[in-house]
Amino acid sequence: MAFLRRSSSAAAPAPVSLRRTANDLQVGERATVCCLKDPEMALKLLEMGCIPGTQVRLAGRAPLGDPLMLVLGDEEYTLSLRVSEAATIQLKD
């Protein structure tokens, strides 16, 4: 039944999250936390000060890219996170 087959070009692409995460920041770049994607990780991040509305700055990355260092707020608090953890922090546009 050829009419039931879809060509590969007609297949819909998988949905992709368009919102940037803390992992997408360049060193020195600032952004504001919008929300946290992973409910389990969210509690840990909230306890460490990653609260929606807080400004973050990527201060640096380890030589192999993991972990990374975020500065929260007005240079008050420095937080080291794994890349997978930083990817759960969504940023405002």
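Scanning the range 68-93 for residues that are at positive phi and open to solvent by less than 80 Å² (accessible area, probe 1.4 Å) yields a single hit, Gly73. Number of residues in the range 21-37 that are of a type in the set (A, V, I, L, M, F, W, C) and part of a helix (DSSP H, G or I) equals 1. Pairs linking a residue in the range 35-51 that is touching a residue at least 12 places away in the same chain (Cβ under 8 Å) and on the phi < 0 side of the Ramachandran plot to a residue that is assigned to a loop (DSSP other than H, G, I, E, B) and open to solvent by 30 Å² or more (accessible area, probe 1.4 Å), with Cβ atoms under 6 Å and 6 or more positions apart or on different chains, are Cys35/Pro52. Condition check: modelled with pLDDT of 90 or more and basic (Lys, Arg). Does Arg6 satisfy that? Considered against the rule, which asks whether it is modelled with pLDDT of 90 or more and basic (Lys, Arg), Arg6 comes out as no. In summary, strands (runs of 3 or more DSSP E) completely within the range 38-93 and bearing 2 or more residues that are over 14 Å from Gly28 (Cα atoms) occur at 77-81, 89-91. When each of Arg57, Arg20 is tested for being open to solvent by 40 Å² or more (accessible area, probe 1.4 Å), within 11 Å of the chain's Cα centre (by Cα), at pLDDT 90 or above and not small (Gly, Ala, Ser), the lone residue that passes is Arg20.
The values are calculated or read from the model by the stated rules, or taken from the named source; none is laboratory data. Because the structure is a prediction, the values reported are computed rather than measured. Cβ sites come from the backbone with ideal geometry, for glycine too, and all protein chains shown count toward neighbours. Each accessible area value is taken on the protein alone, full model and side chains, heavy atoms only, with ligands, DNA and RNA left out. Shrake-Rupley method; radii C 1.70, N 1.55, O 1.52, S 1.80 Å.
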